[in-house]
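All remarks here apply to the structure that follows.
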Amino acid sequence: IQLTQSPSLLSASVGDRVTLSCKGSQNINNYLAWYQQKLGEAPKLLIYKTNSLQTGIPSRFSGSGSGTDYTLTISSLHSEDLATYYCYQYNNGLTFGSGTKLEIK
Amino acid sequence: QVQLQQSGAELVKPGSSVKISCKASGYTFTSYDMHWIKQQPGNGLEWIGWIYPGNGNTKYNQKFNGKATLTADKSSSTAYMQLSSLTSEDSAVYFCARPAWYSGDVFDYWGQGVMVTVSS
């Protein structure tokens, strides 16, 4: 399954509501996770099974979607959210999207 | 606490092989798969394969068959990945990652990554 993320680059201000998209080439059956990767660090799990928040992750992060279309929402952007965000499907094989780089204005 | 400590950066010549390690601590090493993920500079993430240290079973992304070999040493709780016939396309950061208890394919613990540079 191929994953297409959009946009590839997003610039937003602190406090903004931010929405990142991920589209699969086939039905993902909700086996979709989101990772955050800051520069020079390993990826960090934010969301699994479409909308389950990983322990310790702030509640401003949320996930939604079904079928082939999924979304990560940051309800109020913080400066420390500067990172690249990857979606990841584990329904059929294991594949990552190409990422959305989030910049802070 | 769970930790995955990877070996240091490698500079290797084209055509050679390299073996990198991932030492696990804070959990029962033989109870979880260990996965390996590749990240080329400026690029996204690519799953390589997994090994189950309990019995040595492995599964690979077809793309890495013949390129990567996964092994594990139960006595030292260390997983290894050997990469062979190296080319510039193998220059990347390589992560080991452990799945979450609730899903065998979602990774909640990652090593810090090993940068492998292939250059003459």
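Details
- Segment B:78-120 and segment B:4-45 have Cα centres lying 3 Å from one another.
- Value in Å of the Kirkwood radius, where the protein assembly as shown supplies the Cα pairs that are averaged: 18.0 Å
- Fewest neighbouring Cβ atoms within 10 Å first, the residues A:Arg60, A:Arg17 line up as A:Arg17, A:Arg60.
- Net +/- balance of residues flanking A:Asn29 in space, Cβ distance below 13 Å, scoring K and R +1, D and E -1: -1
- Net charge, B:Thr78 excluded, C-beta distance under 14 Å - Lys, Arg +1, Asp, Glu -1: +3
- Check: the protein assembly as shown dipole with +1 on Lys, Arg Cβ and -1 on Asp, Glu Cβ, in debye: 140 debye
- Environment charge of A:Gly93, counting only residues whose C-beta is closer than 13 Å and scoring Lys/Arg +1, Asp/Glu -1: 0
- About the Cα centre, charge dipole magnitude for chain A (Lys/Arg +1, Asp/Glu -1 at Cβ), debye: 80 debye
- For the residue pairs A:Lys23/A:Lys101; A:Lys23/A:Lys105; A:Lys23/B:Lys19; A:Lys38/B:Lys67; A:Lys105/B:Lys38; B:Lys13/B:Lys67, the alpha carbons lie more than 24 Å apart in A:Lys23/A:Lys105; A:Lys23/B:Lys19; A:Lys38/B:Lys67; A:Lys105/B:Lys38.
- Per-pair calculated FRET efficiency, R0 = 25 Å: A:Val14 and A:Ile57 via Cβ, rounded to 0.05: 0.85
- Legend: ranking of residues B:Met34, B:Met115 from fewest to most surrounding C-beta atoms inside 10 Å; resulting order B:Met115, B:Met34.
- Across segment B:110-118, computed HN-Hα scalar couplings (Karplus, 6.51 cos²θ - 1.76 cosθ + 1.60, θ = phi - 60°) run 10, x, 7, x, 10, 8, 10, 10, 9 Hz from first to last residue, x flagging Gly and Pro.
- Extending 7 Å from Cα along the Cβ direction at B:Gln62 and again at A:Asn27 yields two label points whose distance is 2.2 nm.
- Positive-end residue of A:Ser75, A:Leu3, B:Ala9, charge dipole of the protein assembly as shown with Cβ unit charges: B:Ala9
- Per the Kirkwood formula applied to alpha carbons, segment A:8-105 shows a radius of gyration over Rh ratio, Rg over Rh, of 0.94.
Read the figures in this text as sums done on the coordinates, not as results from a lab. This is a predicted model, so every value here is computed, not measured. A quick note on method: Cβ atoms are made from the backbone with ideal geometry, for glycine too, and the neighbour counts reach across all protein chains shown.
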